[in-house]
Amino acid sequence: MWATLTVTCLLINALLGQSTPTSFCVSGLCLPMDYNKLEMPPGRNDIKIELTILDVLSVNDKDFSISVYAYLGIRWPEPRLIGKNGQKLSTYSDERLGVPITVDPAFLSSVWVPNIMIVNVKSFKPLSEMKPQQALWAVSESNGQFGFYYVQGCIISFYCPMRFDFFPLDAHICPLQLSTNYNNEHVFFSETILNDASKSRNVVLEYSLQIKKIPDGQRMLATKTLGNYSTTGVEFYLERHKLKYLSIYFLPSGLFVVVSWVSFLIPPDQVAGRMSMLITLFLVLVNIFGNITSTMPNTEGVTAISGWMIVCIFFVFGALCCYAFLLWKMKPTFYLKKHERTPEDIKSKHWQRVKFDDWCFMIFPIVFVLFNIAYWAICLNTPPSEEIAIRQPFKTVLTEA
């Protein structure tokens, strides 16, 4: 009899649209009896990502990674939520719909949560002190239904496919992309809400940094067999600070090359002074080159600064070769006895040596200036946008959602 009465009451309530049986309630939000957290809400779910970047902790050139301190916010709809009495939440008052409802984050274990994946992630460390730094709210959507907004404090480390061919004049575009295992027929990401507070950061980096939203043309991942997947996120525009390298490496090495030209003004018979100066400059440049190669990032070929140092070393080596040629030309004169040397021979040999040094003193600076014009024109006028295809972890295409 009691069972019949219970079933009758439930049928009456269902027909009148007054209530639906509930299984679990928190903060006035309830789940229906037939709720299954393994099933996503019907239709296409629009997910919003809000990324608040508080600081960029490190840019590691050795393992090609970036670490950021951020708060990651995820907002998704959940139209299956009901009130305590079983009524739809859309029938609540306007004040109820407009104010976020604070919910204990433990409620997430009972509801469907979108599986958010970070592309090229190295590590994801949730922040926690006495308790994890996380929060959950129930918020109203534009269609009058409710959804969830979850925020998690975290340290995200992700890989960036950097290329150091132009080191230390390099620039990089590093995407931090988020996606999901549902294709865009079921889940679609809206444009990321970016809150960049990293300008007041406490960490000193080797790069100047700009953070921008990923362009629309790169917010869809296309696959041949599984369909298209919506993505979202931000891009880190990194440009290395050049002044330190210009003052420590480029300027001194260039001045050493200029100083080596003074050797063309020293008389060739001053072997000790001219040779010691050139050898000293040569060894100093080799030592600087060794320090650079031991500290610069891994690369597949010659970097910009390596090429610069090699050219500087060859310029000093060229001055050494010119002096060696003069010594070779002077050798027959040295072996002649004093009474065998005629004034005409001495004058002719001396004039040839002076003329050769004068030619070297003109040619070396001209070639070095031409090299500088070509070098800096190539290194400073190569924007990172030309290498986006190399740096992107996968090929993306824009597809109509």
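Just so it is clear, none of the values below were taken in a lab; they were calculated from the coordinates. This one's a predicted model, so the numbers in the text were calculated from it and none came from an experiment. When we count neighbours, we look across all protein chains shown, and the Cβ atoms used for this are built from the backbone with ideal geometry, even at glycine.
Assorted remarks:
- Size of electric dipole in the range 21-60: Cβ of Lys, Arg +1 and of Asp, Glu -1, about Cα centre, debye, nearest 20: 80 debye
- Net charge of the neighbourhood of residue 380, taken over other residues with C-beta under 13 Å away and scored Lys/Arg +1, Asp/Glu -1, is 0.
- Förster radius 60 Å - calculated FRET efficiency between residue 84 and residue 362 (Cβ-Cβ, nearest 0.05): 0.05
- In terms of other Cβ atoms within 10 Å, 172, 186 run from fewest to most in the order 186, 172.
- Additional length obtainable on full extension of the chain from residue 62 to residue 135, 0.36 nm per residue less Cα span: 22.8 nm
- Above-threshold pairs, the threshold being 27 Å between Cα atoms, out of 48/131; 122/213; 88/213; 84/125; 125/224; 122/212: 88/213; 84/125; 125/224
- Positive dipole terminus of the range 20-241, leading residue within 116, 26, 226 (C-beta point charges): 26
- Potential lengthening between residue 382 and residue 204 on full extension [0.36 nm per residue; Cα-Cα distance subtracted]: 61.5 nm
- The alpha carbon gyration tensor of the range 20-241 gives principal lengths a ≥ b ≥ c with a/c of 1.5 or higher and a/b greater than b/c, which makes the shape prolate.
- Pairwise label distance in nanometres, residue 265 with residue 109, each label 7 Å out on the Cα-Cβ vector: 8.3 nm
- Shape of the range 168-285, Cα gyration tensor, a/c cut at 1.5: prolate
- Residues residue 246 and residue 185, FRET efficiency given R0 of 60 Å [Cβ-Cβ distance, rounded to 0.05]: 0.70
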